[in-house]
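Contents: one structure, followed by commentary.
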Amino acid sequence: MPELRVTRNAFARLVLVTPDGRAHEGVVPVRAFPISAPGESIALVGADGHELAWIERLSDLRPETQSLVEEELASRDFVPEILRLRHVSTFSTPSTWEVETDRGHTVLVLKGEEDIRRLGSSLLIADRHGIQFLIRDRNALDSTSRKLLDRFL
């Protein structure tokens, strides 16, 4: 695959210049596997929703291109990682959880047990507002957090 040419325009939107010289403004990077392989399999999608380019691995890109794509992904991806469960209001749903995340302390409401998705040893938890929270490895949580979590699994 030829080297990707990605820049930002005056409005801070990504611009992809394809090998034929055409510039595509408003390009959006989309991860195919955001949890299990965040640095691999990324599509650059045009404003019309069609894939314009495919990135096997971010690490294969030139540093300046990699940086632009990572910045754009970071601005789009908001998935706080739960590091610890502090308190759970009840073991039935809906349930209010007080948690520590990589972005600080927060409270979320779990509507139902179906809002917890298992992804191997990882969990993706959707709160009542649709915000996704990640537990990267439930076995790596402290024992109190694991005990609280086990009541819902």
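Read-outs: derived from the displayed coordinates by stated rules, not from any lab. Nothing here was measured: the structure is a model prediction, and the numbers come from that model. In this analysis, Cβ positions are derived from the backbone assuming ideal geometry, glycine residues included, and neighbour counts consider all displayed protein chains.
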(Q) Could you derive backbone 3J(HN,Hα) for region 36-46 from the dihedral phi with the Karplus parameters 6.51, -1.76 and 1.60 (θ = phi - 60°), listing whole Hz in sequence and x where the residue is Gly or Pro? (A) 7, 8, x, x, 10, 6, 10, 9, 9, 10, x
Q: Please list, in chain and number order, the residues 5+ apart from ARG128 or on another chain whose amide H is under 5 Å from its amide H, with Hs placed from the backbone.
A: VAL109, LYS111
Q. Cα extents of region 1-126 along the three principal axes, largest first, in whole Å?
A. 59, 31, 27
Q. Quick one: Cα convex hull volume of region 5-76, Å³ per residue?
A. 88 Å³
Q: Please tell me the relative contact order of the chain in percent, rounded to the nearest whole number, where contacts are Cα pairs under 8 Å and at least six residues apart.
A: 13 percent
Q. Does anyone have the angle between helix 63-76 and the longest principal axis of the chain? Alpha-carbon axes, 0 to 90°, nearest 10?
A. 40 degrees
Q.
Using the alpha carbons of region 82-150, what is the convex hull volume per residue in cubic angstrom, as a whole number?
A. 78 Å³
Q: May I ask you to list the GluC sites (Glu not before Pro) in region 49-153 that are in a DSSP loop and have at most 14 other Cβ atoms within 10 Å of their Cβ?
A: none
Q: Sticking with the crude label model, points 7 Å out along Cα→Cβ, report the distance from ALA23 to ILE131 in nm, one decimal please.
A: 3.8 nm
